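What follows draws every value from the coordinates through simple rules; no lab data is involved. Since we're looking at a predicted model, the values are computed, not measured. Glycine also receives a Cβ, built like all others from the backbone with ideal geometry; neighbour counts cover every protein chain displayed.
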Amino acid sequence: MLIVQVNVQVKPEAVAAFRAATAANAEASRREPGIARFDVLQQTDDPTRFILLEAYRDADAPAAHKATAHYALWRDTVAPLMAVPRTSVKYTNVSPADAAY
């Protein structure tokens, strides 16, 4: 499993538009067979900062995700809303699959 944490900072006046576009993208993304989880997190003390937490089932799933129409729409919609370019960090899940939290 590949986990990607995408860090986003949007312009203050663009928070609502970013949330709406990102919610639509997340909903469609969760229906992709290669995506195990897709969460959108908003920072409590700075509402212009978001994390997209994406869990992919295999190494091919991120490319398949980026080839979807809903991703392209999201990418093009939110690009002008961002205060700085988004960044991402990739992780591997090392906890046991049946771990209880």
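Data overview
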{"read-out": "Farthest positive-ward along segment 17-101 dipole, Cα basis, beta-carbon charges - from Thr22, Ala72, Val89", "value": "Ala72"}
{"read-out": "Exposure proxy order (Cβ contacts within 10 Å, fewest to most) of Ser88, Ser95", "value": "Ser95, Ser88"}
{"read-out": "Charge tally in the Cβ shell below 12 Å around Ile51, where Lys, Arg are +1 and Asp, Glu are -1, Ile51 excluded", "value": "-1"}
{"read-out": "Gain on full stretching of the segment that runs from Arg57 to Gln42 - 0.36 nm per residue minus C-alpha separation", "value": "3.0 nm"}
{"read-out": "Dipole magnitude of segment 15-56 about its Cα centre (Cβ charges: Lys, Arg +1; Asp, Glu -1), debye to nearest 20", "value": "120"}
{"read-out": "Sparsely packed trypsin sites (Lys or Arg not before Pro) within segment 1-67, loop by DSSP, other Cβ within 10 Å at most 10", "value": "Arg31"}
{"read-out": "Degrees separating the helix 15-29 axis from the principal Cα axis of the chain, which is the longest one", "value": "30"}
{"read-out": "At R0 = 25 Å, FRET efficiency that the Cβ-Cβ distance of Glu13 and Thr68 yields, to 0.05", "value": "0.35"}
{"read-out": "Helix 69-78 vs. the chain, principal-axis angle (Cα, 0 to 90°, nearest 10)", "value": "40"}
